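A short write-up of the structure that comes next.
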Amino acid sequence: MANGVKFGDKHSINDWNLLLVSKNIESPKIKKIEVEIPGSDSVKDLTDVFGIKYYNRDLIFDFDIFSDYSNWWELHKDISNYLHGKKLKITLDQDNQYYYYGRCEISSFSNTKNVAHISILCNCEPYKFKLAETVKTYDVIEGEVCIFSNLFKEVVPTISIENDIIFKFEDVQYSLSAGTHKNLNISLKEGNNTFEIISGSGNLTLTYQEASL
């Protein structure tokens, strides 16, 4: 497997002939909510009350350029014009079923003797996303139980149904007409999510973007 990085539609090896010498995929920092208690040495941690949220994370990639020095600045220009300041999908060859999404910049460009060095910094959303959306379809009948598995990040699915149905999700009953819906009250948690069909039949399709830390 190659050890490169794809920024948008450009690959570090195939398009720019860059050698990846190091990478740093930071873990996203937790958005802690803490309240000081007067007259106490401790603080009240309210982070879990609102659900754990995260700040953006930085991805840092260091590359070497071994082409003739006369090409260095032309390559620097091409890379700058393509990604500097832009939001792109970033996919690592060694984790190529997921992508990160964030704003990219060239953080440094230098040379030592016959080798040039370029560092690319990407300030990305905290989660990495599956390359393709998950699409799962059941041909449902009354009384059927449908299970939709989801990764770490809670997500609101798009629900498409062939006919009118009534179903139960997390002890709440929903009645949806035939067509496509996105109900913000229905969100898939980490793990298995169960839909119990109360009445109705036909195709039930959920489309959702899975993501993980």
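Would you please list the contacts, defined by Cβ atoms under 7 Å and residues six or more apart or on different chains, that run from a residue in region 185-196 that is without any contact (Cβ under 8 Å) to a residue 12 or more places away in the chain to a residue that is open to solvent by 80 Å² or more (accessible area, probe 1.4 Å)?
Here the result reads none, with nothing in region 185-196 linked to a residue that is open to solvent by 80 Å² or more (accessible area, probe 1.4 Å).
For region 193-204, which positions are open to solvent by 30 Å² or more (accessible area, probe 1.4 Å) and touching a Phe, Trp or Tyr at 6+ places or on another chain (Cβ under 9 Å)?
Thr194, Glu196, Ile198, Ser199, Asn203
When you scan region 21-39, do you find a residue that is of a type outside the set (A, V, I, L, M), closer than 17 Å to Ile106 by Cα, surrounded by fewer than 14 Cβ atoms within 10 Å (Cβ to Cβ) and in contact (Cβ under 8 Å) with a residue 40 or more places away in the chain, even just one?
Yes: region 21-39 contains one or more residues that are of a type outside the set (A, V, I, L, M), closer than 17 Å to Ile106 by Cα, surrounded by fewer than 14 Cβ atoms within 10 Å (Cβ to Cβ) and in contact (Cβ under 8 Å) with a residue 40 or more places away in the chain.
Find the strands (runs of 3 or more DSSP E) located wholly in region 57-121 whose residues include 3 or more that are without any contact (Cβ under 8 Å) to a residue 12 or more places away in the chain and either of a type in the set (Gly, Ala, Ser) or exposed (fewer than 15 other Cβ atoms within 10 Å of the Cβ) (or both), and list them.
98-112
Checking Ile25 against (1) over 30 Å from Asn150 (Cβ atoms); (2) of a type in the set (Val, Ile, Thr); (3) within 16 Å of the chain's Cα centre (by Cα), only one condition comes out false. Which one?
For Ile25, the failing item is (1).
Which residue, of Glu210, Glu190, Glu162, is among the acidic types (Asp, Glu), in contact with a Leu (Cβ under 9 Å, 6 or more places away or on another chain) and open to solvent by less than 40 Å² (accessible area, probe 1.4 Å)?
Selected residue: Glu210, the only one of Glu210, Glu190, Glu162 that is among the acidic types (Asp, Glu), in contact with a Leu (Cβ under 9 Å, 6 or more places away or on another chain) and open to solvent by less than 40 Å² (accessible area, probe 1.4 Å).
Return a yes/no flag: does region 125-145 have any residue that is under 26 Å from Pro28 (Cβ atoms) and out of contact with any Phe, Trp or Tyr (no Cβ under 7 Å at 6 or more places or on another chain).
The answer is yes, given that some residue of region 125-145 is under 26 Å from Pro28 (Cβ atoms) and out of contact with any Phe, Trp or Tyr (no Cβ under 7 Å at 6 or more places or on another chain).
The values are calculated or read from the model by the stated rules, or taken from the named source; none is laboratory data. Computed from a prediction, not measured in an experiment: that's the story for all the values here. As a convention, Cβ positions derive from the backbone with ideal geometry for all residues, glycine included, and neighbour counts pool all protein chains shown. Surface areas here come from the heavy atoms of the whole protein model, side chains and all, with no ligands, DNA or RNA. Shrake-Rupley method; radii C 1.70, N 1.55, O 1.52, S 1.80 Å.
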